Amino acid sequence: MIAFANQKGGVGKTSVILGVASAASANEVPTLVIDLDPQANATAVLGAANSDRTINEVLYTGIRGCAAEAVSPTSWPAIDIIPATLALADREAQQDHAFEQRLRDSLQHDELNKYELILIDCQPSVGKLVLNALVAADQILIITEPTMEASAGVAAIQRTIATARHYYNEKLSVAGVVINKVDLRTRENKYRIAEIEKHIGSQLWSPYVPYRAAMSESRGSGVPVHSFGKEAADLTAVFDTYLSLLRGSGQTR
């Protein structure tokens, strides 16, 4: 179970999750996406066929195993989703005891064992929703971009990971760091990438995700980026690599 996160917004966490989901769909890898962001962008793109129950109700009730009832098929082969709505933002104010463990407990259901991958799309914060993701996840994949602000967000989420590991989930590990929206034609991008490489070292995943219009177009049309064929060949090669890395981590479920 992998959480995709960064404290900084706008770095493309949802785009990277959708890219990995596209690769999983193309390779027929059973995958569940959990949309833990009140903006619900992953839900909008994947097109949940059944949104009667969402992750908001799952976290509100806190019943062990109840997440299985909120799973919905999507329009993408092999990809299911537990959808989100804007009402999910209300959970940040919930004061129930051990609330940070509700996602983990809700996923304890045999029906969910059929998924090889479970991907959690986190909101850009370090609040209760993100903490739920870190308590439930085996690993976290940090998404950033080659800007000063996003690089600072990496340091912030690493501190949150250390706290979650110390108090709630000692098995939580960092799968890696992904640099998204890379344009090597700019000096700023080159400088920031070198800076990130210096501080992150071996945790940095390669190749980087290039900035391509095809990614935005696939989101806008609600179809996997792999359906764009040669037009998005460099993007799909990156996401195929990421899928292989996640499947080979031994912590996909």
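Both numbers refer to the Cα atoms of segment 193-253; Rg and Dmax are 13.8, 37 Å.
What the pair-distance distribution of segment 75-127 shows, using all Cα-Cα distances binned every 5 Å from zero, is 4, 12, 22, 26, 17, 13, 5, 1 percent. For the pair segment 75-101 / segment 112-154, the C-alpha centres are spaced 13 Å from each other.
What does the charge dipole of segment 74-228 about its Cα centre add up to, to the nearest 20 debye, if the Cβ of each Lys and Arg holds +1 and the Cβ of each Asp and Glu holds -1? Could the numbers behind the result be given before it?
On the way: 16 positive and 19 negative charges, 112 e Å.
For this selection, approximately 540 debye.
For Gln7, nonlocal amide neighbours, meaning residues 5 or more places apart or on other chains whose placed amide H falls under 5 Å from its own, are Ile157. Dimensions of segment 119-215 from C-alpha coordinates, computed as largest minus smallest value along each principal axis and given longest first, are 43, 29, 21 Å. Summary value for the chain: 27 percent relative contact order, contacts being C-alpha pairs under 8 angstrom separated by 6+ residues.
The GNM of the chain, with springs linking C-alpha atoms under 10 angstrom apart, assigns the highest mean-square fluctuation among Thr61, Thr186, Thr147 to Thr186.
The H on the amide N of Ser173, modeled in the peptide plane, is under 5 Å from the matching H of Gln139, Ile140, each at least 5 residues off or on a different chain. For Leu204, the amide hydrogen comes within under 5 Å of the amide hydrogens of Val177, counting only partners 5 or more places away or on other chains and with H modelled in the peptide plane. So for segment 70-188, averaging the separation of alpha carbon pairs under 8 Å that are six or more residues apart and normalising by length, what relative contact order in percent results? Taking the mean separation of contacting Cα pairs over the length of segment 70-188, I get 22 percent.
The antiparallel fraction among DSSP beta bridges confined to the chain stands at about 5%. Computed from backbone phi with θ = phi - 60° and the Karplus coefficients 6.51, -1.76 and 1.60, the 3J(HN,Hα) list for segment 139-147 is 9, 10, 10, 8, 9, 9, 9, x, 10 Hz; x is used for glycine and proline. For the chain, the Kirkwood hydrodynamic radius from C-alpha pairs, put into Stokes-Einstein at 4 °C and a viscosity of 1.567 mPa s, yields a diffusion coefficient of 72 µm² per second. Work out the count of Lys pairs in the chain where the Cα-Cα distance is under 17 Å, with the pair 8 or more places apart or on different chains. For the chain, qualifying lysine pairs total 5. For segment 69-183, the C-alpha radius of gyration divided by 2.2 N^0.38 Å, with N the number of residues, is 1.14.
Can you give the translational diffusion coefficient of segment 1-98 in µm²/s, computed by Stokes-Einstein from the Kirkwood radius over Cα pairs at 4 °C and 1.567 mPa s? List each step's numbers first, then the result.
Details: Rh = 14.0 Å.
Stokes-Einstein gives a translational diffusion coefficient of 92 µm²/s.
Simple rule: put +1 on each Lys or Arg Cβ and -1 on each Asp or Glu Cβ in segment 38-115, find the dipole, and look at Asn113, Leu86, Ile63; the Cα lying farthest toward the positive end is Asn113.
Readers should treat all values here as calculations from the given coordinates under stated rules, not as data from a laboratory. Just so you know, these numbers come straight off a predicted model, no measurement behind them. Every residue, glycine among them, receives a Cβ derived from its backbone with ideal geometry; neighbour counts consider all protein chains shown.
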